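Asks: I'd like to ask you about the structure that follows.
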Amino acid sequence: MVTPENSMKWQPLEPQPGQLDFRAADALVAFAQAHDQRIRGHTLVWHNQLPPWLVPTSATLDDAALAALLQQHIAAEVGHFRGAVYAWDVVNEPFNDDGSWRPSLWYTRLGRDYVAQALSWAHAADPDAKLYINDYNIEALGPKSDALYALVAELQARGVPLDGVGVQAHLASQYPFPATLEANLQRFADLGLDVAITEADVRLPLPADAAALAQQAAYFGRLGRACASQPRCVSFSVWGFTDAHSWVPGTFAGQGAATPFDASLQPKPAYAALQAAFAAGAPVQTP
Ligand code: XIL
């Protein structure tokens, strides 16, 4: 399974208004299809990586026109990849860490129902694609995952198309492992939703020593076992292929070495831990 790290985001896709550039994303889709891999489409509605023209343009539009612009974006992108994308991260990162709504352009202008509208528009453009809401810091039980849980339950009750919850799983060695991950995945599964680990990495202070790599392996192993032992956990994706292609050093100063492969494409202890987790598929021991 392949996720485009950037090429399906709005900014690279529509650098000038009305001029869609699908070349990079099409190339990735062609590669995936040639290698019998599924695509996770990422992402349609987000507060980051919007085209530079969009925010100034939005200021000239009334709310209905802004909603129409978002609908057009979703229809064009999902329509372009209709049948080729297994699952879409339709809405990315809608909540703050305390469970309140993130004051994005979309929430501020369109209100909380932008989520339901986006899901419905995506469904209309590709009725067979699995539709997700994706977020970070929702691994454990807590205010942010509670807010998402309440939202998805409400959307289901209203009959809004929604298939899954994407748990990004950007972990860090300086924080404890999210110990209630299994219970949290289970409550979403109990709603009849798929869950997926969508952007796993475990960042380490640099330079990473053997102890840090061992802790990272333990974290990846627990993530892998949590997914493998949850029947509704349908996929496990790492964010960045090797430490040479990871967003972490550019985003978190002094941190890195966050993926299961080092910069020379050599497997790290985390690789073996994931391999063992997927081979076993066994229920996770309580910590
Ligand atoms: C990151 C990419 O990895 C970077 O290359 C880009 O500069 C910024 O975005 N959560 C997400 C991803 O959903 O889209 C982000 O990807 C990482 C955090």
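The values are calculated or read from the model by the stated rules, or taken from the named source; none is laboratory data. Just so it is clear, the model here is predicted, and its values are computed rather than measured. Cβ: placed from backbone, ideal geometry, glycine included. Neighbour counts: every protein chain shown. Each accessible area value is taken on the protein alone, full model and side chains, heavy atoms only, with ligands, DNA and RNA left out. Shrake-Rupley method; radii C 1.70, N 1.55, O 1.52, S 1.80 Å.
Asks: Pick out the one residue from 118, 87 that is under 29 Å from residue 226 (Cβ atoms), touching a helix residue (DSSP H, G or I) at 6+ places or on another chain (Cβ under 7 Å), in the same structural domain as residue 16 (by TED's automatic domain parsing) and open to solvent by less than 10 Å² (accessible area, probe 1.4 Å).
Replies: Selected residue: 118, the only one of 118, 87 that is under 29 Å from residue 226 (Cβ atoms), touching a helix residue (DSSP H, G or I) at 6+ places or on another chain (Cβ under 7 Å), in the same structural domain as residue 16 (by TED's automatic domain parsing) and open to solvent by less than 10 Å² (accessible area, probe 1.4 Å).
Asks: Here's a follow-up. Just give me the residues in region 131-169 being outside any loop (DSSP other than H, G, I, E, B), surrounded by 20 or more Cβ atoms within 10 Å (Cβ to Cβ) and in contact with an Asp or Glu (Cβ under 7 Å, 6 or more places away or on another chain), in sequence order.
Replies: Result: 131, 132, 134, 135, 144, 148, 164, 166, 167.
Asks: For region 251-258, indicate whether the set of residues that are closer than 30 Å to residue 190 by Cα, aromatic (Phe, Trp, Tyr) and surrounded by fewer than 22 Cβ atoms within 10 Å (Cβ to Cβ) is non-empty. Break it down stepwise before answering.
Replies: So the first thing to find is which residues in region 251-258 are closer than 30 Å to residue 190 by Cα, and the list is none.
No, region 251-258 contains no residue that is closer than 30 Å to residue 190 by Cα, aromatic (Phe, Trp, Tyr) and surrounded by fewer than 22 Cβ atoms within 10 Å (Cβ to Cβ).
Asks: Let me ask you something else. Here is a check on your reading of the model: is residue 44 within 16 Å of the ligand (Cβ to nearest atom) and either open to solvent by less than 20 Å² (accessible area, probe 1.4 Å) or charged (D, E, K, R) (or both)?
Replies: yes
Asks: Could you count how many residues in region 121-130 are closer than 21 Å to residue 38 by Cβ, outside any strand (DSSP E or B) and open to solvent by 10 Å² or more (accessible area, probe 1.4 Å)?
Replies: 4
Asks: Kindly check whether there is at least one residue in region 65-73 that is within 16 Å of the ligand (Cβ to nearest atom), in contact with an Asp or Glu (Cβ under 8 Å, 6 or more places away or on another chain) and open to solvent by less than 30 Å² (accessible area, probe 1.4 Å). Full working, then the answer.
Replies: Step one: filter region 65-73 for residues within 16 Å of the ligand (Cβ to nearest atom), giving none.
Checking region 65-73: not a single residue is within 16 Å of the ligand (Cβ to nearest atom), in contact with an Asp or Glu (Cβ under 8 Å, 6 or more places away or on another chain) and open to solvent by less than 30 Å² (accessible area, probe 1.4 Å).
Asks: Could you please find all residues in region 1-24 being touching a residue at least 40 places away in the same chain (Cβ under 8 Å) and either within 14 Å of the ligand (Cβ to nearest atom) or among the aromatic types (Phe, Trp, Tyr) (or both)?
Replies: Residues satisfying the conditions are 3, 5, 6, 8, 9, 10, 11, 13, 22.
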